[in-house]
1. Tell me whether the stretch B:220-233 contains one or more residues that are buried (at least 19 other Cβ atoms within 10 Å of the Cβ), farther than 22 Å from B:GLU41 by Cβ and within 20 Å of the chain's Cα centre (by Cα).
2. Would you mind finding the one in A:GLY40, A:GLY78, A:GLY52 that is of a type in the set (Gly, Ala, Ser), open to solvent by less than 50 Å² (accessible area, probe 1.4 Å) and out of contact with any Phe, Trp or Tyr (no Cβ under 7 Å at 6 or more places or on another chain)?
3. Could you pull out every one of the helices (runs of 4 or more DSSP H) wholly within the stretch A:17-118 that has 1 or more residues that are more than 16 Å from ligand 2 (Cβ to nearest atom)?
4. Starting from residues that are open to solvent by less than 60 Å² (accessible area, probe 1.4 Å) and either touching a Ser or Thr at 6+ places or on another chain (Cβ under 9 Å) or farther than 19 Å from B:ILE32 by Cα (or both), keep the ones in the stretch B:152-173 and report whichever is farthest from the other protein chains (Cβ to nearest Cβ).
5. Among the residues in the stretch A:130-142, are any more than 16 Å from ligand 1 (Cβ to nearest atom) and closer than 30 Å to A:ASN64 by Cα?
6. Looking at A:ILE76, A:ILE50, A:ILE23, which is the one that is modelled with pLDDT of 95 or more, more than 13 Å from ligand 1 (Cβ to nearest atom) and β-branched (Val, Ile, Thr)?
7. Only one residue in A:ALA13, A:ALA19 is more than 15 Å from the chain's Cα centre (by Cα), buried (at least 20 other Cβ atoms within 10 Å of the Cβ) and over 16 Å from A:LEU217 (Cα atoms), so which one is that?
Amino acid sequence: MTALLEVEDLRVAYGKIEAVKGISFSIEQGQIVTLIGTNGAGKSTTLRTISGLLKPAGGTVRFNGERIDGTAANKIVGMGLAHSPEGRRIFARMSIEENLQLGAFLRRDPAGIQADMDRAYTLFPILGERRKQAAGTLSGGEQQMLAMGRALMSQPKLLMLDEPSMGLSPIMMQKIMSTIVELRDQGMTILLVEQNAQAALSLADRGHVMEIGKISLSGTGADLLHDESVRKAYLGED
Amino acid sequence: MHELPQNLANGLFLGAMYGLIAVGYTMVYGIIQLINFAHGEIFMTGAFGALAVYSKLGANVSIWLALPLMIVGGVATATLVAVLAERFAYRPLRNAPRLAPLITAIGLSIFLQQLVWGFPGNKSARVFPQLPGGPFHLGSVVFQSADIFVVVAAVLSTLFLAYFVRSTRTGRAMQATAQDPDTAKLMGIDTDKVIVIAFAIGAVFAAIAGISSGLRYGQIEYNMGFLNGLFAFTAAVLGGIGNIYGAMLGGLVLGLAQTLSAAYIQYIPGMSQFGSQDWSGVWAFVILILVLMFRPQGLLGERVADRA
Ligand SMILES: Nc1ncnc2c1ncn2[C@@H]1O[C@H](COP(=O)(O)OP(=O)(O)OP(=O)(O)O)[C@@H](O)[C@H]1O
Ligand SMILES: [Mg+2]
């Protein structure tokens, strides 16, 4: 079985500064894979390059066997790769409903779109209750739900989530994490970037630790969770 | 004071024209934060495109047949110029520091003026055809066919744009791109296409304004875009740059400010020398400064806080 996403020797630079210095990893269909690492390690840069917002300086990205490095972001989402960016980035002045509709921008099946909207409202009932409300008025956690719901509206094969738990209360975070597992159980493949290493590793099939632009350690979620260096560096133990 | 209705009407006609031009500044700024200083020249090329069509038709074609063709010609010319400018002058600088596209815009403005100036024919002013009919009387107000043209054009264009932005797929894409271009791309929106459409819509509005100007004043000039562009830009800022209704409102406020100041400032004791037509531009900017002191975001502008 070939991997759904294959990243090989990926390099990304901002001007002269190389933020991602040759990383390789792959994701199999139906897996949750997580990237963890300290601030500035290059996790978001990696996601932004996979989704086409940034052009790589070197290396390849294959999705479903097809090369997508260098493909425009608006084309990549149409191939089935959705990216829920860091900081939620919902369209604050539009309603919740309009945000979800934008998630389905490339789709032309009104009935299917409606069905998926209803699904999002079932997944996150609060969004349904407030569907006409401006998205900017939602709380941080609710905005995160909207961002996830919006990414799902494109019917992705691979969902990339950048720090979905950022700034959330423990209860809210629990809710987001259990939603991620629920999505995986429905067959979704997920690439999860998290600051909260404990939470991410406990639900991931595989994890990669990023340090200043490189992957320093890889393994199953359970392996990494019990790795001494990981525990020291990311789980606050000494 | 008995001329007040007339002065208000004149301000409205002038303001409608400013508003039509201002829409182009505001749409482009709203999406890529570029002050397109060459937009006044887009307005000018629209008028010249219309005149070129008229000249080709010959003088014995009825104006009512010529006018629609002139509109098509003017709109096509202005749109072509705007789209080419976006593609070859601005797009290569999309990620450059802000100053680079701004200077490019100023250069483009001078280039377009000189280009049109270089065409054979009278340099200072070219005669523009007139609409027959009129003058019309409404109470004490007198107006011409061209005044009706500009008001009807402004109302129809604004209604169309409001519908377009709010209710069409492309309009939604435009709003999303204005709010957050990167995230818009992640939704599958071709933001390059959206930007071209914003330039094109601005050009259509500017061309209609250019034709209105020709019809109202009976002549057009290669440098007509300079002052009109400057006032329209002021109108866009006054109304709240980025907001299309603000552009129209700002245009009206500015048109009225100019007309009313030219008519009445001179009657204020001690102000008699500040009231002529020559001073109306100064008063327009005084209004701008006053509004911005109390509402820095403009009359209908929103604070751009949700932009990361
Ligand atoms: N637009 C940019 N221009 C220049 N440098 C950037 C830019 N964005 C990120 N960087 C740099 O690239 C490096 C990697 O940043 P990135 O955002 O990918 O880190 P991250 O792992 O997502 O961190 P965090 O956990 O804080 O979100 C950092 O050193 C950062 O300063
Ligand atoms: Mg990040």
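1. Within the stretch B:220-233, not a single residue is buried (at least 19 other Cβ atoms within 10 Å of the Cβ), farther than 22 Å from B:GLU41 by Cβ and within 20 Å of the chain's Cα centre (by Cα).
2. Being of a type in the set (Gly, Ala, Ser), open to solvent by less than 50 Å² (accessible area, probe 1.4 Å) and out of contact with any Phe, Trp or Tyr (no Cβ under 7 Å at 6 or more places or on another chain) holds for just one of A:GLY40, A:GLY78, A:GLY52, which is A:GLY52.
3. Those helices (runs of 4 or more DSSP H) span A:73-76, A:96-103.
4. My answer is B:ALA153.
5. No, that holds for no residue.
6. Only one candidate qualifies: A:ILE76.
7. A:ALA19
One line per residue, one yes/no per condition, for (1) open to solvent by 50 Å² or more (accessible area, probe 1.4 Å); (2) polar (S, T, N, Q); (3) within 16 Å of ligand 1 (Cβ to nearest atom):
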{"residue": "A:LEU152", "(1), (2), (3)": "no, no, no"}
{"residue": "A:GLN155", "(1), (2), (3)": "yes, yes, no"}
{"residue": "A:LEU161", "(1), (2), (3)": "no, no, yes"}
{"residue": "A:SER202", "(1), (2), (3)": "yes, yes, no"}
{"residue": "A:VAL209", "(1), (2), (3)": "no, no, yes"}
{"residue": "A:SER216", "(1), (2), (3)": "yes, yes, yes"}
{"residue": "A:GLY221", "(1), (2), (3)": "no, no, no"}
{"residue": "A:ARG231", "(1), (2), (3)": "yes, no, no"}
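The values are calculated or read from the model by the stated rules, or taken from the named source; none is laboratory data. Here the structure is a predicted model, which means the values were calculated and not measured. Because the Cβ atoms are built from the backbone with ideal geometry, glycine has one as well, and the counts that use them run over all protein chains shown. For accessibility, only protein heavy atoms count, side chains too; no ligands or nucleic acids. Shrake-Rupley method; radii C 1.70, N 1.55, O 1.52, S 1.80 Å.
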